[in-house]
2 protein chains.
Amino acid sequence: MRRRRFWGWGFEDEGADPRALAAVEAQIGALLGRSPVRREPPVARDLALPAPRVAAPPRLAHLCTATPEERARHALGRSYKDLARAIRCRFDDAPDYVAYPETSDDVARLLEAAAAGAVAVVPFGGGTSVAGGVEPRGLGSYAGVVSLDMSKLSRLLDLDTTSLSARIEAGASGPEIEALLKPHGLTLRFYPQSFELSTLGGWIATRAGGHFATGPTHVDDLVESVRVSCPRGTIETRRLPGSGAGPAPERLFLGSEGTLGVITDAWVRVLRRPTHRAQATVSFPTFEAATTALRTVLQSGLSPSNARALDPVEAMMSGAGPAGAALLLLAFESAHHPVDGLLALALEAALSAGAGAAGPVRSTSADGGRDAAQDVYKASFLRAPYLRDELVLRGVFVETYETAVTWDRLAALDADVRAAVARLDLGPHLLACRVTHAYPNGCAPYYTLVAPAPEADLGVEMWDDVKAAVTGAIVDAGGTSTHHHAIGRDVVPWYERERPALFADAILAAKRALDPRGIMNPGVLFRAGTR
Amino acid sequence: MRRRRFWGWGFEDEGADPRALAAVEAQIGALLGRSPVRREPPVARDLALPAPRVAAPPRLAHLCTATPEERARHALGRSYKDLARAIRCRFDDAPDYVAYPETSDDVARLLEAAAAGAVAVVPFGGGTSVAGGVEPRGLGSYAGVVSLDMSKLSRLLDLDTTSLSARIEAGASGPEIEALLKPHGLTLRFYPQSFELSTLGGWIATRAGGHFATGPTHVDDLVESVRVSCPRGTIETRRLPGSGAGPAPERLFLGSEGTLGVITDAWVRVLRRPTHRAQATVSFPTFEAATTALRTVLQSGLSPSNARALDPVEAMMSGAGPAGAALLLLAFESAHHPVDGLLALALEAALSAGAGAAGPVRSTSADGGRDAAQDVYKASFLRAPYLRDELVLRGVFVETYETAVTWDRLAALDADVRAAVARLDLGPHLLACRVTHAYPNGCAPYYTLVAPAPEADLGVEMWDDVKAAVTGAIVDAGGTSTHHHAIGRDVVPWYERERPALFADAILAAKRALDPRGIMNPGVLFRAGTR
């Protein structure tokens, strides 16, 4: 079995693409005026964690481990701040033990034992949270903390090829899911940037965003039913293609982030593998022109599988376009029919709407054809986390910030975010924006910030300052505190400004009904201490 | 102002289409072997209601009325059972008074007064519930009941033409909404069969099904944000095109059926009015072949605006097809581009999949073109309630039953429903099925039953028997207790079998947080007496 890094992204036998790394190093060197120096990553034998406060329940000990490396690997997520701490071996809030349930019955028994022992439970899928979702901090009022690693629940439980639906266990990762479906000619076609590690259960718990930039943007749209293990018992919703029977039960768990229970499996909608593709890239003189073109495409009623607008800095960083230009990437795909005609309609809409358009600068339309620019973009997208780790080791601060907002407020929000970053006086830095998902009534802008990290703490404090400035600007400008990165523990203060107070009361009451002792992922969605 | 009938559908100055009525009378006559005799509808002066138990609060008396006709009009919904009782002036559970708030502040004050006086509140939109949703029965433990008629909250509060979104008050009816949007070239394009009377707030509260047979099938998909007046205060969710911030707040209120609070307005997504249409009808020897063709179209990734399968009886009753044939109706529409190509792809998929297909038997594709068969179908669809009232007056039992189910279970569910009806031994009757909405993973079959009504009670008891038999068969076969007709009070026993028990606990806990005294629409979603 491949070993996962305890301090950084992914697997020990995998790493950043050397050519991509060299290119980024050159960009960063030019930005900082010096070649970055690489710090050595930590090694497991140097780990010195606080002693566990509690041990695994004896009758479940065979499912549990408390080695320093396992505890460290489950202590933090994978935000920049997490890496900056992990590289310096700061695992102060590591869980006391890690449990690896092998069945949903194991999950139920682990929850029962935790409730009996006043042990907080932190569900752990791929551990890729960038919002503090798996970090057991601020839980001193509990007897201890168990990290519930779902990775052994990764089976295909059932497949309905008539309805194109599959029942999959929650701990299955992106590649595991695709490997289970591929022999049947099917795919879930859900590719968050964390695809390599993150899991179906994690996606559902955090309302993750996937492959499709329009239409079914969130995993929400793929979920047919869920099975959830709560401290008070199990909830299994009915498999249905649609319903109007009361508030949708699965929607209570979509976005619940482990605070109500542990998702153990789900029926999800799957697709036949696409065989027809058409893709094109259009360049625009400004980001505003590109987003106006994007809006026009969405409001035309077309639903491209990919529809992303890149500002000039983002386009430069991704290597996808001509210097100084903003870009619009459009793609259609189908397992049934050629999509060239749909792409032509979308291009016509885009070119008619975006002032100064030049394009398509590239396009491919043959079945099975690829767009080189989009391939570059996609490959760098999925391998970016490995590259990011290398940058962190070189003292480069790199983090992303995302939201969604209605079209009428996009320009003001974008200006506010840029102004908030400018006020931080970060010295030489890059701030890039791309629109990752789009809707007829709005879109999801996604910012990447690159800057030198302070030597002292590798930028842990800086991370808090930037997060507060950017997320504050976003929420003040009418955006959501997260479009697809979740709330976790890190975003709670801004989520509280977005979330109606009485709605918080209602959800907390629902939580008490399912988790009377408040052991499920405390500190997430609600401040630690809220019961 | 047009007067609404207190005993039947719609407006006093409107009625069934005489030609449609004559045709149906002939069909019914042939079925029953006799010409039906029309009973005279009741008149208001004959109304003898129980005396009100409570009066409106004096400081809100100017918003309230307690005339027998108003109380009668708010006593029942518009199911067959409701009509059978209304025609015989059985308004035993009429509300004690009816309130007509003019602003959201009025709503808040009325709720406050009701809570103080232990008066149950039944929110009332168009009053078109076919599930007992507006019927204040079983509420003897309250001091009284107020029916909260939202019809005066019907304004357009805001319009965002950049994001194509409109903020509309909850009491606006279908035609009122379209009249508000039409001057701006916009439409909500949401046409439930109750369109003439039902309201935005009612649609949201009941997760109504609309115009589109695929894609945005439910009003859920059109809601950007909601404002809800609860006994404990007001909840206003943020306008967002998409979000991943915790459980979606608007989803708690979608389907809440007035049990958590009163929706006072909502931001909804609107569309430019379509200018391109293409429509076609294909005939099949069997309903199964038609539904297989429908499934193939949906799983091809195409999303027609209309995609309905009609069994031979349904096709005959609607007058839309050749005798003995099942039909598949397909239509595409757009405000942006011609859709002939999309229709051609869908037809190709349908014809290749459905054994014995003949067709298209009709098709039109020019911009602004109409398909005569579909026009007949749509006109009869929206005016059907007036026709239905005439049938009730003639002693004809006519009711509809609907669900949604995954494709793999469709044939078994359909057989079970037909067997359940056959076991009831209704004598000469018609049972027709159409699929009203379709998804890649399932569809929504919708049954219409026509039979002679017993003279004694006009079929009130029979209604209960058929409802139990059909809904029981549906839920046992894996269907949902309702796809778009809501749960109300009538469907609670079967909803309880579908709804996970712990989920019920969670929602009930949320209800207590918003409505501590349990005054909001008691008996709906939960049995009367559940607090």
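Annotation: of all residues in the range A:202-218 being of a type in the set (S, T, N, Q) and open to solvent by less than 10 Å² (accessible area, probe 1.4 Å), the one that is farthest from the other protein chains (Cβ to nearest Cβ) is A:T214. Here the range B:191-223 is the region considered, the condition is being aromatic (F, W, Y) and assigned to a loop (DSSP other than H, G, I, E, B), and the residue that is farthest from the chain's Cα centre (by Cα) is B:F212.
Condition check for A:W267 on (1) surrounded by fewer than 24 Cβ atoms within 10 Å (Cβ to Cβ); (2) at the interface with another protein chain (Cβ under 10 Å from one of its Cβ atoms); (3) touching a residue at least 40 places away in the same chain (Cβ under 8 Å): one failure, at (1). Only one of the numbered conditions (1) modelled with pLDDT of 95 or more; (2) surrounded by 23 or more Cβ atoms within 10 Å (Cβ to Cβ) is not met by B:T296, and that is (2).
B:Q299 - would you say it is at the interface with chain A (Cβ under 7 Å from one of its Cβ atoms) and not aromatic (F, W, Y)? For B:Q299, the condition - at the interface with chain A (Cβ under 7 Å from one of its Cβ atoms) and not aromatic (F, W, Y) - is met.
Every condition in (1) touching a strand residue (DSSP E or B) at 6+ places or on another chain (Cβ under 6 Å); (2) open to solvent by 20 Å² or more (accessible area, probe 1.4 Å); (3) free of Cβ contacts under 8 Å to residues at least 60 places away in the same chain holds for A:R167 except the one numbered (3).
On inspection, A:I474 does not qualify as touching a residue at least 12 places away in the same chain (Cβ under 8 Å), in contact with a Lys or Arg (Cβ under 9 Å, 6 or more places away or on another chain) and either surrounded by 20 or more Cβ atoms within 10 Å (Cβ to Cβ) or part of a helix (DSSP H, G or I) (or both).
Figure legend. Inter-residue proximity from the range B:282-299: first residues within 11 Å of B:L347 (Cα to Cα), second residues of a type outside the set (A, V, I, L, M, F, W, C) and open to solvent by less than 10 Å² (accessible area, probe 1.4 Å), beta-carbon distance below 9 Å, spacing 6+ or different chains. Indicated pairs: B:V282/B:G354; B:A293/B:G354; B:L294/B:G354; B:T296/B:G354; B:V297/B:T214; B:V297/B:P304.
Take the residues in the range A:219-236 that are within 7 Å of chain B (Cβ to nearest Cβ) and open to solvent by less than 10 Å² (accessible area, probe 1.4 Å), then tell me which one is nearest to A:H437 (Cα to Cα).
Out of the qualifying residues, it is A:E224.
The set of residues from the range B:466-475 being of a type outside the set (S, T, N, Q) and within 12 Å of another protein chain (Cβ to nearest Cβ) comprises B:I474, B:V475.
To keep it simple, each residue is scored yes or no on (1) in a strand (DSSP E or B); (2) open to solvent by 40 Å² or more (accessible area, probe 1.4 Å); (3) within 14 Å of another protein chain (Cβ to nearest Cβ).
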{"residue": "B:E102", "(1), (2), (3)": "no, yes, no"}
{"residue": "B:D106", "(1), (2), (3)": "no, no, no"}
{"residue": "B:A114", "(1), (2), (3)": "no, no, no"}
{"residue": "B:G133", "(1), (2), (3)": "no, no, yes"}
{"residue": "B:L148", "(1), (2), (3)": "yes, no, no"}
{"residue": "B:K152", "(1), (2), (3)": "no, yes, no"}
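Of the residues examined, B:A72 is not one that is touching a strand residue (DSSP E or B) at 6+ places or on another chain (Cβ under 8 Å) and either in a loop (DSSP other than H, G, I, E, B) or small (G, A, S) (or both). Residues in the range B:486-501 that are at the interface with another protein chain (Cβ under 7 Å from one of its Cβ atoms), buried (at least 20 other Cβ atoms within 10 Å of the Cβ) and not charged (D, E, K, R): 3 in all.
Inspection of the range B:330-339 finds a residue satisfying the criterion of being more than 13 Å from chain A (Cβ to nearest Cβ) and not small (G, A, S).
Assessment of the range A:18-32 against the conditions (of a type in the set (D, E, K, R) and modelled with pLDDT of 95 or more) yields no matching residue. Take the residues in the range A:408-439 that are in a loop (DSSP other than H, G, I, E, B) and not charged (D, E, K, R); name whichever of them is nearest to the other protein chains (Cβ to nearest Cβ). Applying the filter and picking the extreme gives A:L424.
Checked against the criteria, A:S243 counts as free of Cβ contacts under 8 Å to residues at least 60 places away in the same chain, crowded, with 24+ Cβ neighbours inside 10 Å and facing chain B (nearest Cβ under 8 Å). Evaluated against (1) surrounded by fewer than 19 Cβ atoms within 10 Å (Cβ to Cβ); (2) part of a strand (DSSP E or B), B:V98 falls short on exactly one condition, (1). Of B:G518, B:G442, all but one fail to be within 14 Å of chain A (Cβ to nearest Cβ), under 23 Å from the mean Cα position of the chain (by Cα) and at pLDDT 95 or above; the exception is B:G442.
Considering only residues that are part of a loop (DSSP other than H, G, I, E, B), among the hydrophobic types (A, V, I, L, M, F, W, C) and farther than 17 Å from A:A451 by Cβ, which ones fall in the range A:1-49? The answer is A:M1, A:F6, A:W7, A:W9, A:A16, A:V43, A:L47, A:A48, A:L49. For the range B:451-461, a residue qualifies if it is open to solvent by 10 Å² or more (accessible area, probe 1.4 Å) and either in contact with a helix residue (DSSP H, G or I) (Cβ under 9 Å, 6 or more places away or on another chain) or assigned to a loop (DSSP other than H, G, I, E, B) (or both), and the qualifying residues are B:P452, B:A453, B:P454, B:E455, B:A456, B:D457, B:V460. Restricting the range B:445-465 to residues that are closer than 30 Å to A:S225 by Cβ and more than 14 Å from chain A (Cβ to nearest Cβ), which is farthest from the chain's Cα centre (by Cα)? Per the criteria, the residue is B:L449. On the basis of being of a type outside the set (D, E), within 14 Å of chain B (Cβ to nearest Cβ) and open to solvent by less than 10 Å² (accessible area, probe 1.4 Å), does A:L188 make the cut? Considered against the rule, which asks whether it is of a type outside the set (D, E), within 14 Å of chain B (Cβ to nearest Cβ) and open to solvent by less than 10 Å² (accessible area, probe 1.4 Å), A:L188 comes out as yes.
The values are calculated or read from the model by the stated rules, or taken from the named source; none is laboratory data. It should be emphasised that the depicted structure is a prediction, and the values quoted were computed from it without experimental measurement. Because the Cβ atoms are built from the backbone with ideal geometry, glycine has one as well, and the counts that use them run over all protein chains shown. Remember, those area values only see protein heavy atoms, side chains included, never the ligands or the DNA or RNA. Shrake-Rupley method; radii C 1.70, N 1.55, O 1.52, S 1.80 Å.
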